[in-house]
Each structure stands twice: as C-alpha cells, then as structure tokens.
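Undergrad: Got a structure here, written out as structure tokens. Questions coming.
The values are calculated or read from the model by the stated rules, or taken from the named source; none is laboratory data. These numbers come from a predicted model, not from an experiment. When we count neighbours, we look across all protein chains shown, and the Cβ atoms used for this are built from the backbone with ideal geometry, even at glycine. Just the protein is used for accessible areas: all its heavy atoms, side chains included, with ligands, DNA and RNA removed. Shrake-Rupley method; radii C 1.70, N 1.55, O 1.52, S 1.80 Å.
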Amino acid sequence: MIQNMPKKKYTFIDLFAGAGGLSEGFVRAGFSPIAHIEMDKYACETLKTRAAYHYLEENDKLDIYKKYLLEKKGGESGQKLWDQVPATIIDSVIHATIGSATINEIFQRVDKLKGKNSVDLIIGGPPCQAYSIVGRSRMGKDVEKDPRNELYKYYVRFLERYTPKMFVFENVLGIKTAKQGEPLKDLQELVASAGYDMQMQVQNASEYGVLQKRQRVIIVGWRKDGISSKGQKRFYPILEKESNSYCVMRDLFSDLPRRKAGEGSLTAPVHYSKDLNDMPYLKESAIRNEKVDFTTQHIARPHNANDREIYCMAIKQWREKRKQLDYSKLPAHLQTHKNTKSFLDRYSVVDPDGYSHTVVAHISKDGHYYIYPTPNPTIENVRSITVREAARLQSFPDDYFFEGNRGAAFKQIGNAVPVLLAFKIAKEILKQM
C-alpha cells in the first residue's frame, strides 16, 4: 500500500501541528518537514521524538530508537533520545502559541530553519473547539469571544509570507456554520487576497482505509498562478473512496495482549500475540511493521465498580441489539449524573464488527465513550480502550510514541488527523507538485 514512495523532496510547514498525525501522512508520502509549530508542551515532545525517529530511520540507526523505547521510564521526557540526533532536527519543533505577540518571532525561527529552501506546502488545522458542536454547547455565549475563532487569520499570514504552491487546512464540520458561516467566508476572502484558490470538501476517514467514522472538513488551496510540473493547473486532489471488509476487533485489536481495567504500562514494551502475516490490515496500513517488532502504551484506565457494571450492560446490549446504552434508562443506583436529559449516549461501545465512532479529545477525561467490546463481558474484565488501541483507531503506527502522561497521550490522539487519511491526501497532492 505504501511501497515505492519517492525520495523526500518537497517541503512543508505544519501549523497547529498537534501530535503530528497530518504531518506523519505527508512524511510517509515523501514530503520533508521544515518546521512544526504547536502550543501544547507534550505534543511538542511527541513531535521531537517522532522527528528523531525519522532521522534515525533514514540513517539506518533505528536501534537507537528501539533502545530508547525499551529503556524508557515513566515520567521521563524524551531528552535521552533527542540528544542522540542533530540539534537542528529537534529545533524544527517550535513550542509556541501562534498569535499577534509571537508571530514575528516564529517567522524568524522558520526563516532560519528553511534557509534558502522554498516552502512547497503548508498544512495544519487551527484548534477546533470554538467550531465544534460540543465546544459550543459547553462554552455557551463565551464561544463568540474565544480567541481560537481568529486563528485562521494567522494561517493566512503564513501563506502570505512563504507563498507555498499549495496548502491543506483541516477542521471540524462546525467551521461551516460557526457564527453563521462568517469565519469561513472571511477565510475564503483572505485566501483569495493572498493569491490562492481553494475548495472545501467533507471527507470521512472510513472511506480511505481508517477503521473509524470520522468526518472532517479538508480545505485545499493552490496559488492562482500555480502550474504543476506537467503544465496543468492545480486542483483539489481526487481521492478514490475505498471499501474494505476489515473490522475493529478482528483486524485492529486482536493481536494486542488482553488487558483488564488498570492494567498495562505507559512505557513498557508490549509483544504481539499474533504474527504480522495473520494481521493483513495492520500490514497494509503500515500500523504494524517489522522495523520495530513491539509496541508500547497498551495501558488501560482503572474504573470503579459502578462504571464497570454500566460497561457490562452497554456491551451486552450492543452485542445483542446493536444499540448503544441510553443513560436515562439505567437502574437508579447506577445513575451518578444528575443530567438525564442530554448526553444520554455518554457510555458507548466501540463497534467490534465494523468501524469505531469518532475519537475525540474528551477521551483524555474518561473512557466511557470508548468502551472496549469485551467478548463475554463480566464486572472483572470490562474496560475502556487503551492508549495504543486509540492510536490504532487513528491509524498511527505502533512505533509512534506519545510523550507525557496517560491523559496527555489520549488528548494528543483525540485531536489528531488520522495518519492514513493524511497519507491519501498527500499522495494525490504529490502528483501535482
């Protein structure tokens, strides 16, 4: 599926980079990052660790990375690994909040990193809480004052400064309707005045090999004067929809060791229970590879007896009726929340026989919305999904390490763009470069 990719050549800058899901897809397709810019401390540490991984892989030194994973202790940063690669690799990750007070300094740092190279592509998506339905419902009227509503304007500032051939802007569906569509209309006008045409489409990750139903707005833009190497005008990449018969339990989860609530470690190596040849989806998607023959972060949250009883009921109902639990219909002794009028689907089971529902950043708060579909559930064996299982739902490769504590890892994963979707977009854009 991903063999014979061209040598890294075309460059990109990743804005609001998060843990690097979008970037990873573009690197896999053959693009080379100049800089990643991100405000979250732990996401930046993850980006540094991944940058080190790519450098070591390119230089046939992956043993250093494997040693790092095998010896890593809980609570340690990635400094031991970062010290073993050139400083320029680590310095390409810029820990900063993009805004009026910081943008000029960020420009200077990016200018230094790129040197005389041109920037072929800008990718990224501003934080989307202000546009998301959940974010709007939680913040109420305050959402109108949220500074994150304005971050798209800084994205355009990068287009104006670095004039890339194309750009990719990712966001939630709510960007189309937030503030009666004003931000989106303003974005279109700013992009046009910067010299770019753009098109917007809603893409569902499950149509491109990801075992997760995840809809996102993907905006692609290109310079109005842009002509590809084939002498053709650039355009929105044509993504061919894929249908597959793979499913979550059999093809994505079944080679990971069993876990009960509270079991596992954030750093200890995890060895697979099945041969890679017996897991065709993991092989085709490059989630598992033979370069690193183990994974990490297969750690499950602890849960109290009350929640485990609810999990048990939710799994049984899903397996028998394919219906998610209605919180308001739980026995009174299990209802610990006063709100029985809204968010009634707060306990949801990941579909074992199909695709998962959307993974979001709230998974860092609790696991109730991502209950592992345990066969023959009992109070003793039910749990929510592990960090590694969540990462696989987002199609991150198993050798991807998320720095920070368990909550930080879950947050990074929930905020990410699925790697496989990013890769499919990147492949098509590469054809136009």
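Undergrad: Name the pairs whose Cβ atoms lie under 6 Å apart, with the first residue in the range 397-424 and closer than 13 Å to residue 74 by Cα and outside any helix (DSSP H, G or I), the second open to solvent by 10 Å² or more (accessible area, probe 1.4 Å) and of a type in the set (Ser, Thr, Tyr), and 6 or more positions between them or separate chains?
TA: Listed by first residue and then by second, the contacts come to 403/42; 404/42.
Undergrad: Something else now. Quick test for you: out of 255, 225, pick the one residue that is without any contact (Cβ under 8 Å) to a residue 60 or more places away in the chain, open to solvent by less than 10 Å² (accessible area, probe 1.4 Å), acidic (Asp, Glu) and part of a loop (DSSP other than H, G, I, E, B).
TA: Every option except 255 fails the conditions.
Undergrad: What about residue 321, is it touching a Pro at 6+ places or on another chain (Cβ under 7 Å) and open to solvent by 40 Å² or more (accessible area, probe 1.4 Å)?
TA: Spelling it out, it is not the case that residue 321 is touching a Pro at 6+ places or on another chain (Cβ under 7 Å) and open to solvent by 40 Å² or more (accessible area, probe 1.4 Å).
Undergrad: What number of residues within the range 86-106 are of a type outside the set (S, T, N, Q) and over 25 Å from the mean Cα position of the chain (by Cα)?
TA: 4
Undergrad: Hey, among the residues in the range 228-242 that are open to solvent by less than 40 Å² (accessible area, probe 1.4 Å) and either in a strand (DSSP E or B) or in contact with a strand residue (DSSP E or B) (Cβ under 8 Å, 6 or more places away or on another chain) (or both), which one's farthest from residue 423 (Cα to Cα)?
TA: In this case the residue turns out to be 234.
Undergrad: Can you find, within the range 23-76, the residue that is nearest to the chain's Cα centre (by Cα) among those that are polar (S, T, N, Q) and over 20 Å from residue 406 (Cβ atoms)?
TA: Top of the filtered list is 23.
Undergrad: Moving on to the next point. From the residues in the range 375-423 that are among the hydroxyl-bearing types (Ser, Thr, Tyr), more than 18 Å from residue 22 (Cβ to Cβ) and open to solvent by less than 10 Å² (accessible area, probe 1.4 Å), which one is farthest from the chain's Cα centre (by Cα)?
TA: Checking each candidate, the answer is 384.
Undergrad: Right, here's the next one. What's the number of the condition residue 105 fails, among (1) at pLDDT 95 or above; (2) surrounded by 12 or more Cβ atoms within 10 Å (Cβ to Cβ)?
TA: Residue 105 satisfies all of (1) at pLDDT 95 or above; (2) surrounded by 12 or more Cβ atoms within 10 Å (Cβ to Cβ) except (2).
Undergrad: Right, here's the next one. Pull out all pairs, ordered by first then second residue, where Cβ-Cβ is under 7 Å, the residues are six or more apart or on different chains, the first lies in the range 54-77 and is hydroxyl-bearing (Ser, Thr, Tyr), and the second is surrounded by fewer than 19 Cβ atoms within 10 Å (Cβ to Cβ).
TA: What qualifies is 55/89; 68/80.
Undergrad: Okay, moving on. Given the residues 388, 383, 392, 406, which is the only one that is under 17 Å from residue 206 (Cα atoms) and among the basic types (Lys, Arg)?
TA: The unique qualifying residue is 392.
Undergrad: Next question. Of these, 293, 225, 251, which one is out of contact with any His (no Cβ under 7 Å at 6 or more places or on another chain), under 24 Å from residue 66 (Cα atoms) and of a type outside the set (Gly, Ala, Ser)?
TA: Matching residue, one of 293, 225, 251: 293.
Undergrad: Please go through the range 201-221 and give me each residue that is open to solvent by less than 70 Å² (accessible area, probe 1.4 Å), out of contact with any helix residue (DSSP H, G or I) (no Cβ under 6 Å at 6 or more places or on another chain), under 27 Å from residue 162 (Cα atoms) and without any contact (Cβ under 8 Å) to a residue 60 or more places away in the chain, ordered by number.
TA: Listed by number, the residues that qualify are 202, 219.
Undergrad: For the range 356-369, which positions are open to solvent by less than 10 Å² (accessible area, probe 1.4 Å), in contact with a helix residue (DSSP H, G or I) (Cβ under 6 Å, 6 or more places away or on another chain) and in a loop (DSSP other than H, G, I, E, B)?
TA: 359
Undergrad: Moving on to the next point. Mind checking which pairs have a first residue in the range 266-284 that is closer than 19 Å to residue 210 by Cα and open to solvent by 20 Å² or more (accessible area, probe 1.4 Å) and a second that is at pLDDT 95 or above and of a type outside the set (D, E, K, R), Cβ under 6 Å, 6 or more apart or different chains?
TA: Partner pairs satisfying both residue conditions: 283/276.
Undergrad: Yes or no: residue 308 crowded, with 16+ Cβ neighbours inside 10 Å and touching a Lys or Arg at 6+ places or on another chain (Cβ under 9 Å)?
TA: yes
Undergrad: Scanning the range 86-102 for residues that are in a loop (DSSP other than H, G, I, E, B) and not small (Gly, Ala, Ser), which turns out surrounded by the most Cβ atoms within 10 Å (Cβ to Cβ)?
TA: This residue is 98.
Undergrad: Still on this model: Is there a residue being more than 15 Å from the chain's Cα centre (by Cα), within 30 Å of residue 168 (Cβ to Cβ), open to solvent by 30 Å² or more (accessible area, probe 1.4 Å) and not charged (D, E, K, R) anywhere in the range 347-355?
TA: Yes, the conditions are met somewhere in the range 347-355.
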